Amino acid sequence: MTEPAIELRNLKKSYPVGNDGTIEVVRDVSLRVGARELVSLLGPSGCGKSTILAIVAGLTSPTGGEVRVNGDRVEGPRPTEITIVFQEPNLLPWRRADQNVRYGLELRGADPKVMNGLVKKYLNLVGLQGFEKYYPSQLSGGMAQRVALARALALETSIVLLDEPFGALDENTRSILGDELLRIKSFTEKTMLFVTHSIEEALHLSDRVLILSARPARVKDDIRINLETPRTVELRWSPEFQEYKVRIWQSLKDELERDVPEPVANR
Amino acid sequence: MKIPIWLGQIALLLTFLGLWEIVASIEIISPVLLPRFSQTIISISGVVASGELNYHLLITMEELLSSFLIAAVFGIGAGFLIASTKLLRETLEPILLLLFAIPIAVVYPLIAVWFGLGVESKILFGSIYGFFPIATNTIAGVRSTNKSLMKMSKSMGASSTRIFTSIIFPSATPTLITGLRSGLNLAFIGIIFGEMFASLGGLGFLINSSSQVLDSAKVFGLIGIGLLVIVIANLAFNRLEIRSSRWRGEL
């Protein structure tokens with residue numbers, strides 16, 4: 001078997017709280033993401049999904065276990081192999097759209113000619129030709145997130161992590177950007193790890209959906225999604241899609257209920 | 001048609017000067033205390049023609065420019081240094097704000113004794129005045145930096161130096177410019193005060209010596225010159241502020 005692109009082995013993460021307490025966010029998560037696979041992490045909000053992604057991105061270190069990317073242990077950011085797209089576009093407000101896409105390439109110290117070519121290529125890819133000179137304050141939420149996507153893609157890493165990238169957008173824009181992501185993935189051959197709390201979004205996009213438990217996060221279920229490709233928004237009304245949805249919902253439901261605080265009287 | 005704002009402002013100024021002229025010419029208030037606007041102009045023209053103003057204004061400008069540069073270098077430097085770590089910020093920022101609140105004028109007699117009546121004491125005093133707003137605004141500017149941008153930058157492999165130059169510094173710039181503006185204004189106040197209190201030359205010295213011989217027209221004229229200096233400096237800062245935050249512009 002080929003080496004997985006991303007592998008998590010017994011990953012643990014807890015944060016200190018107060019003077020001597022700790023809060024356990026991730027408990028013993030192990031998972032593998034194969035090359036060119038799109039895997040979603042689905043779980044109740046606040047369950048530690050984003051923490052897992054931040055650890056894979058090398059932004060935080062785990063308290064136990066390890067992350068391996070293409071066989072190497074992750075100790076810090078690996079900008080030549082991994083990029084991460086966040087829920088907020090995190091654009092530099094004083095830079096125009098094209099300069100924002102350029103940002104990661106500048107950090108890498110790329111040749112200006114190469115940079116210009118990549119900036120143009122990826123701005124076109126996300127459908128933003130004509131908006132190169134706009135400041136982020138002049139862009140809609142969806143367009144700003146497209147710029148953020150182009151900035152990440154321009155680094156041409158084999159792995160892209162997506163932390164609820166469309167979570168702050170309205171339902172329709174969200175579906176359209178999901179379609180775009182699949183289209184881009186179909187010819188860029190990237191491995192993607194996608195965090196979401198939307199069942200539909202996970203189903204629409206993923207090859208596999210991993211259900212996480214309420215905090216502390218564990219992998220509760222690993223569901224392979226055998227839906228036809230290319231997947232379109234319309235697929236959402238098909239009976240197969242509904243079957244998957246019911247199955248995921250049943251698995252997720254217990255965790256959502258566990259997330260609700262117990263009434264004080266029962267304690 | 002919409003009347004431009006600056007036209008209204010000029011009209012307001014002219015009305016004020018007109019009223020001044022009228023009130024002073026009916027002499028409800030003694031002309032020794034309130035000279036007419038026209039007398040003030042005549043008096044200041046004489047001061048300009050004799051070269052007296054030129055001499056004193058140059059001293060004040062030299063002091064102002066030197067103080068501003070010193071305050072800017074130390075204020076920005078200290079601001080970024082203090083803001084760089086949580087420990088330094090939590091220890092020093094309250095002290096800085098407290099010192100800022102003290103009327104710094106109380107230390108001027110000491111400074112005059114240590115550094116004499118020349119420009120040095122004024123430059124030092126002006127620098128101290130200018131330092132605090134520049135330092136505190138730099139700290140506030142750094143604090144206003146969006147942490148998520150730093151996280152994004154780090155994920156793309158930025159070193160702490162690059163995070164500083166590409167994220168923190170540009171984020172802090174608008175607030176920093178506001179600090180520089182207050183710094184310059186306060187340094188000017190400090191310098192004029194210093195010159196009036198104990199010195200051998202400068203605009204403040206000239207105002208003080210004119211007022212001691214009850215030459216009110218000259219005093220008013222000199223105050224006008226002082227206002228002009230600070231208005232021009234602030235207009236320059238307005239342009240700088242607009243330029244530095246063009247990206248905040250609307251659609």
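The values are calculated or read from the model by the stated rules, or taken from the named source; none is laboratory data. Everything numeric in this text was worked out from a predicted model, so none of it was measured. No Cβ is skipped: glycine too gets one built from the backbone with ideal geometry, and neighbour counts run over all protein chains shown.
Would a scan of the stretch A:57-64 turn up a residue that is more than 9 Å from every other protein chain (Cβ to nearest Cβ) and over 12 Å from A:Lys12 (Cα atoms)? No, every residue in the stretch A:57-64 fails to be more than 9 Å from every other protein chain (Cβ to nearest Cβ) and over 12 Å from A:Lys12 (Cα atoms). Does the stretch A:70-93 include one or more residues that are at positive phi and facing chain B (nearest Cβ under 8 Å)? Yes, there is a match, as at least one residue in the stretch A:70-93 is at positive phi and facing chain B (nearest Cβ under 8 Å). The set of residues in the stretch A:122-131 being in a helix (DSSP H, G or I) and either closer than 16 Å to A:Leu155 by Cβ or within 12 Å of chain B (Cβ to nearest Cβ) (or both) consists of A:Tyr122, A:Leu123, A:Leu125. Any chance the stretch B:211-219 includes a residue that's closer than 29 Å to B:Glu62 by Cβ, surrounded by 20 or more Cβ atoms within 10 Å (Cβ to Cβ) and within 17 Å of the chain's Cα centre (by Cα)? No: zero hits. On the basis of being aliphatic (A, V, I, L, M) and either modelled with pLDDT under 95 or closer than 21 Å to B:Ile177 by Cβ (or both), does B:Leu81 make the cut? The answer is yes for B:Leu81.
Quick check on B:Phe100: is it of a type outside the set (Ser, Thr, Tyr) and either assigned to a loop (DSSP other than H, G, I, E, B) or surrounded by 17 or more Cβ atoms within 10 Å (Cβ to Cβ) (or both)? I'd like the intermediate steps shown before the answer.
Values: of a type outside the set (Ser, Thr, Tyr): yes; either assigned to a loop (DSSP other than H, G, I, E, B) or surrounded by 17 or more Cβ atoms within 10 Å (Cβ to Cβ) (or both): no.
Spelling it out, it is not the case that B:Phe100 is of a type outside the set (Ser, Thr, Tyr) and either assigned to a loop (DSSP other than H, G, I, E, B) or surrounded by 17 or more Cβ atoms within 10 Å (Cβ to Cβ) (or both).
Please work out which residue is farthest from the chain's Cα centre (by Cα), limiting yourself to the stretch B:126-152 and to residues that are of a type in the set (Gly, Ala, Ser) and surrounded by fewer than 24 Cβ atoms within 10 Å (Cβ to Cβ). Reasoning before the result, please.
The first filter runs over the stretch B:126-152 and keeps only residues of a type in the set (Gly, Ala, Ser), leaving B:126-127, B:130, B:135, B:140-141, B:144, B:148.
Narrowing the set further to residues that are surrounded by fewer than 24 Cβ atoms within 10 Å (Cβ to Cβ) leaves B:140, B:144, B:148.
Working: B:Ala140: 19, B:Ser144: 24, B:Ser148: 34 Å.
Checking each candidate, the answer is B:Ser148.
Scanning the stretch A:141-178 for residues being within 14 Å of chain B (Cβ to nearest Cβ) and free of Cβ contacts under 8 Å to residues at least 12 places away in the same chain gives a total of 0. Taking helices (runs of 4 or more DSSP H) as the structural unit, those lying wholly within the stretch B:153-251 and holding at least 3 residues that are of a type in the set (Ser, Thr, Tyr) and free of Cβ contacts under 8 Å to residues at least 60 places away in the same chain correspond to B:169-197, B:203-212.
Here's a check for you: in the stretch B:86-97, which residue that is touching a residue at least 24 places away in the same chain (Cβ under 8 Å) and surrounded by 16 or more Cβ atoms within 10 Å (Cβ to Cβ) is farthest from B:Arg143 (Cα to Cα)? Of everything passing the filter in the stretch B:86-97, B:Leu96 is farthest from B:Arg143 (Cα to Cα).
Is it the case, given these coordinates, that B:Phe80 is touching a Phe, Trp or Tyr at 6+ places or on another chain (Cβ under 6 Å), more than 23 Å from B:Val231 (Cβ to Cβ) and in a helix (DSSP H, G or I)? Answer is no for this residue. Within the stretch A:9-17, is there a residue that is of a type in the set (Lys, Arg), in contact with a helix residue (DSSP H, G or I) (Cβ under 7 Å, 6 or more places away or on another chain) and either within 19 Å of A:Arg218 (Cα to Cα) or within 14 Å of chain B (Cβ to nearest Cβ) (or both)? Within the stretch A:9-17, one or more residues are of a type in the set (Lys, Arg), in contact with a helix residue (DSSP H, G or I) (Cβ under 7 Å, 6 or more places away or on another chain) and either within 19 Å of A:Arg218 (Cα to Cα) or within 14 Å of chain B (Cβ to nearest Cβ) (or both). Quick check on the stretch A:213-224. Is at least one of its residues in contact with a Ser or Thr (Cβ under 9 Å, 6 or more places away or on another chain), modelled with pLDDT under 90 and of a type in the set (Gly, Ala, Ser)? Yes, the stretch A:213-224 contains a residue that is in contact with a Ser or Thr (Cβ under 9 Å, 6 or more places away or on another chain), modelled with pLDDT under 90 and of a type in the set (Gly, Ala, Ser). A single member of B:Leu81, B:Leu12, B:Leu33 is surrounded by fewer than 13 Cβ atoms within 10 Å (Cβ to Cβ) and under 26 Å from the mean Cα position of the chain (by Cα), and it is B:Leu12.
Applying the condition of being within 14 Å of chain A (Cβ to nearest Cβ) and not basic (Lys, Arg) to the stretch B:98-151 and asking which residue is nearest to B:Gly201 (Cα to Cα) yields B:Gly141. Does B:Leu222 count as crowded, with 18+ Cβ neighbours inside 10 Å, farther than 22 Å from B:Ser127 by Cα and more than 14 Å from chain A (Cβ to nearest Cβ)? For B:Leu222, the condition - crowded, with 18+ Cβ neighbours inside 10 Å, farther than 22 Å from B:Ser127 by Cα and more than 14 Å from chain A (Cβ to nearest Cβ) - is met.
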